[in-house]
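Have a look at the structure below, then the notes.
The values are calculated or read from the model by the stated rules, or taken from the named source; none is laboratory data. Note that the structure is a prediction, hence the values are computed from the model and not measured. So basically every Cβ, Gly included, is an ideal-geometry build from the backbone, and we count neighbours across all protein chains shown. When the accessible area is computed, the model is the full protein with side chains, heavy atoms only, and any ligands, DNA or RNA have been set aside. Shrake-Rupley method; radii C 1.70, N 1.55, O 1.52, S 1.80 Å.
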Amino acid sequence: MVPNHGEAPVLEALARYHDADELGFTPPGHKQARGADPRARAVLGDAVFFGDVLANGGLDDRLSRGGVLERAEHLMADAVHADHTFFSTCGSSLSVKAAMLAVTRPGNRLLVGRDAHKSVVAGLILSGVEPVWVEPRWDASRHLAHPPSAAAYEQAFAEHPDADGALVTSPTPYGSAADLRGIAEVCHRRGKPLIVDEAWGAHLPFHDDLPTWAMDAGADICVTSIHKMGSGLEQGSVFHLQGDLVDPAELASRADLLGTTSPNVLLYAGIDAWRRQMVERGPELIGRALELAAQTRTAIEAVDGFHVNDARDFCGPGLAHDFDPLPVVMDVAELGTTGYRAADWLRTHHHIDTHLFDHRRVSAQLTHADDEETTARLLAGLRDLAGHVTELRDAPQVVVPSPADLRMDQGRLPRDAYFARHEKIPTAEAAGRIAAEMITPYPPGIPAVLPGERLTEPVLKYLVTGVEAGMFLPDAADQRLETVRVVAEPD
């Protein structure tokens, strides 16, 4: 049967639920907003509560005989050229862990790009899988990492032929993309599966002028956050599967092991609606966003002190393979300030929240939802910032190490170090000790320190000066980084 992409099974099931005047003596306890605090209803709106029903025994019957979720997942798989699709209401942080556990197992090895998100490292800690780190392609002049090359994965497999598969992050939050076809070919020549953490790539299947979508490039599993570049709600994620290297039942079992038994139907509805919207209007909507991004980039480039990174900056020999222009990454180094200070100024003075920020960059993420009004407001804020640059100078400087100094030796497995007996010591005394925690500048969420790594002076100085400049370290036991959690030494 030819899929009917005019359908939205989850949304339609919600409409039927309300039309039938279903009365639930079940969770959720607010019972279609009747028990919700009126102050909450005033802020959130009743639609939030009306859409909050049980998945089984509410949206569908107790045995899921209506096949609501199954049909929605089938339509999504067809839309993006996958064999199977699974919806997740726990974000791509869960989806990528499920993918990892379906490909490998405790004690085995997995090739992982060292620019992976902290959720991947959390998966290593929970699973006991041994990572074989694959080095990103470093731009030493811009202090920025791009995805590892296919050759780097080739070399890693040559050195560790027993690895169960590989994981690569593409595109990065900065918009740089990997050679997924090349990496998939490296994996498949050995009969090993490739996982792509494509959390920032929900839009990629729907326009030809964007980097190649992971399923089209030959990846076996692809994880995508619908809420990042799509129209889904926060935590809405999907993971796709194709080929015969990973058992779909195994992948579903791993997701069930990690996921909630109380999924939020609102998130399912957002995913379902995004798929229909993109199948019906994706090329038009994404095409308009790309045109708007091009215009906006040109306008920002004309503002004194701003440089907008583009494919000429990010792609080429030793750099990224491809580039997504919708994350508008602006280098503010010429303004004599940091991305942290620029982001804070924009929020304080123009109520504009930027996507990510670091020691020299700030990024404005554009999507199909933007228009001339939103970009005009962004441009006004940036021009005003440039006019007040004297207020932003003298920002504390971050001492960013060279690529070689950023990398530390993995002295113990992430799981072993994380769960080992640990102690807090002054950061000034931590060089040479084994980290017992993850320390992650956020955003973009790529750990600078992993459990099990032997701490070095350059990395500690980077983080300490980063905190002084405005860096946020949400997972450090001491977010001010006056102390560090390390593996306790034997008595």
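What to note about this one:
- Qualifying residue in region 240-254 (condition: open to solvent by less than 20 Å² (accessible area, probe 1.4 Å), part of a strand (DSSP E or B) and over 23 Å from ARG62 (Cα atoms)): yes
- As a summary of the residue check, LEU378 satisfies the conditions (1) touching a strand residue (DSSP E or B) at 6+ places or on another chain (Cβ under 6 Å); (2) open to solvent by 60 Å² or more (accessible area, probe 1.4 Å) except for the one numbered (2).
- When we screen GLY91, GLY58 for residues that are more than 21 Å from TRP200 (Cα to Cα) and at pLDDT below 95, the only hit is GLY58.
- Test: residue in region 74-93 that is touching a residue at least 24 places away in the same chain (Cβ under 8 Å) and among the aromatic types (Phe, Trp, Tyr): yes
- Test result for ASP416, open to solvent by 10 Å² or more (accessible area, probe 1.4 Å) and farther than 27 Å from LEU290 by Cα: yes
- Checking each residue in region 142-162 for being part of a loop (DSSP other than H, G, I, E, B) and either over 24 Å from the mean Cα position of the chain (by Cα) or of a type in the set (Phe, Trp, Tyr) (or both) picks out HIS160, PRO161, ASP162.
- For region 449-491, a residue qualifies if it is open to solvent by 10 Å² or more (accessible area, probe 1.4 Å), hydrophobic (A, V, I, L, M, F, W, C) and in contact with a helix residue (DSSP H, G or I) (Cβ under 8 Å, 6 or more places away or on another chain), and the qualifying residues are VAL464, ALA469, MET471, VAL487.
- Top-ranked residue of region 126-160 - restricted to ones that are polar (S, T, N, Q) and in contact (Cβ under 8 Å) with a residue 24 or more places away in the chain, ranked as surrounded by the most Cβ atoms within 10 Å (Cβ to Cβ): SER149
- Residues being among the polar types (S, T, N, Q), in a helix (DSSP H, G or I) and surrounded by 19 or more Cβ atoms within 10 Å (Cβ to Cβ) - total across region 283-315: 1
- In region 378-491, counting only helices (runs of 4 or more DSSP H) that sit wholly within it, the ones holding 2 or more residues that are of a type in the set (D, E, K, R) span 414-419, 457-469.
- Pairs where the first residue, in region 257-284, is under 30 Å from SER127 (Cβ atoms) and in contact (Cβ under 8 Å) with a residue 60 or more places away in the chain and the second is aromatic (Phe, Trp, Tyr) and open to solvent by less than 30 Å² (accessible area, probe 1.4 Å), C-beta under 7 Å, 6+ apart: TYR268/PHE87; ILE271/PHE87
- Pairing residues of region 398-413 that are free of Cβ contacts under 8 Å to residues at least 24 places away in the same chain with residues that are buried (at least 17 other Cβ atoms within 10 Å of the Cβ), at Cβ distances under 9 Å and at least 6 apart in sequence or on separate chains, gives ALA404/TRP138.
- Among the candidates PHE357, PHE323, the residue that is on the phi < 0 side of the Ramachandran plot, aromatic (Phe, Trp, Tyr) and open to solvent by less than 30 Å² (accessible area, probe 1.4 Å) is uniquely PHE323.
- SER119 vs. criteria surrounded by fewer than 21 Cβ atoms within 10 Å (Cβ to Cβ) and either assigned to a helix (DSSP H, G or I) or modelled with pLDDT of 95 or more (or both): yes
- Looking only at region 259-282, and only at residues there that are in a helix (DSSP H, G or I) and β-branched (Val, Ile, Thr), the one that is farthest from ALA98 (Cα to Cα): VAL279
- Take the conditions (1) within 19 Å of the chain's Cα centre (by Cα); (2) over 17 Å from SER225 (Cα atoms); (3) open to solvent by 10 Å² or more (accessible area, probe 1.4 Å); (4) of a type in the set (A, V, I, L, M, F, W, C); ALA102 misses just one of them, which is (1).
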